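Accompanying notes for the structure given below.
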Amino acid sequence: MNVLGMQTLFAKEVRRFMRVPGQTVLSPLISTTLYFIVFGYSISGRIHEVEGHPYLHFIVPGLVFLGIANNAFLNSSSSLFITKIQGTVVDLLVAPLGPGELMVGFIGGAMVRGLVVGLLTWMVAAVFSGFSLEHPLATLYFLLLSSYVFSVLGMLAAVWAEKFEQINFFPTFVMLPLTFLGGVFYSVRELPSPWNHISLFNPMVYMVEGLRYGMLGSSLFSPLVGGAILAVTAAVATGVTYAVLRSGYKMKA
């Protein structure tokens, strides 16, 4: 295992997004904060409590998840895709780095960005609604694994994509609908039939509810169920991405 190579690639990925913090950290932080202000204050006047929690408190875990998922995905997908477009992916392929080592570097950097944005979002939300952390270990588990899953999916999207439009396909047509149907701003229990049953097949529901359990102390589903679904999703995504990188699919000329 090329530990030095992994460390170098990881450090490069972190430096890449830290060179433009206004674009990679501040901009998504402002967007997520606007979600909190607009949805929180406009709806909380009409809906005072959801699932036994004040509405402002209820939406915080979902907004933290939103910041983590979007930024982890965008970091790994854009970074790897740009190397393909610029032709510098050849440097990675000839370097003494295997598929697993490439994944550690790209995914590690993407996780850092996602977690930085998510934690900053949490801090900003605490100013408006107060800080709440009922189960630290559960919160840490869902934070880390959620950022990992979307970092891996970002790599997979970058390998598959051949045009910029294809990279944008996943955030626009997959992640955004699943996010808004994932119980970020409402309880999926309140959805009319059959949407409340269909939502049970959305893995983002369990990620959001898992964070809600860790931060607020209660959720619609058992955190064990959500944690198991998240672990299986991570394992499958990791296996597929590793196999694709190992085969050189759309990576080698």
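Some notes on this structure:
- Each residue of region 191-205 was assigned a 3J(HN,Hα) from its phi angle through the Karplus curve 6.51 cos²θ - 1.76 cosθ + 1.60 (θ = phi - 60°); the sequence is 5, x, 6, x, 5, 5, 7, 5, 4, 5, 8, 8, x, 5, 4 Hz, with glycine and proline shown as x.
- Solution diffusion estimate, µm²/s, Stokes-Einstein, the chain, Kirkwood Rh from C-alpha pairs, 25 °C, viscosity 0.890 mPa s: 131
- Cα-based Rg of region 46-194 normalised by 2.2 N^0.38 Å, two decimals: 1.21
- Fully extended contour minus Cα-Cα distance, from V3 to I30, at 0.36 nm per residue: 6.1 nm
- Crossing angle, helix 27-44 versus the chain [Cα axis fit, 0-90 degrees, rounded to tens]: 20
- Where labels lie 7 Å past Cα in the beta-carbon direction, separation of S193 and R16 in nm: 4.9
- Take the chain with all the other protein chains still there, run a 1.4 Å probe, and you get 48 Å² of accessible area per residue.
- 222 nm mean residue ellipticity, helices alone, for the chain (DSSP H n ≥ 4; -39,500 (n - 2.57); rounded to 500): -23500 deg cm²/dmol
- Charge tally around N196: other residues with Cβ under 12 Å, Lys/Arg +1 each, Asp/Glu -1 each, net 0.
- Student exercise, the chain dipole from Lys, Arg, Asp, Glu Cβ charges, in Debye to nearest 20: 620
The values are calculated or read from the model by the stated rules, or taken from the named source; none is laboratory data. Because the structure is a prediction, the values reported are computed rather than measured. Cβ coordinates were reconstructed from backbone atoms using ideal geometry, including for glycine residues, and neighbour counts include every protein chain displayed. Surface areas here come from the heavy atoms of the whole protein model, side chains and all, with no ligands, DNA or RNA. Shrake-Rupley method; radii C 1.70, N 1.55, O 1.52, S 1.80 Å.
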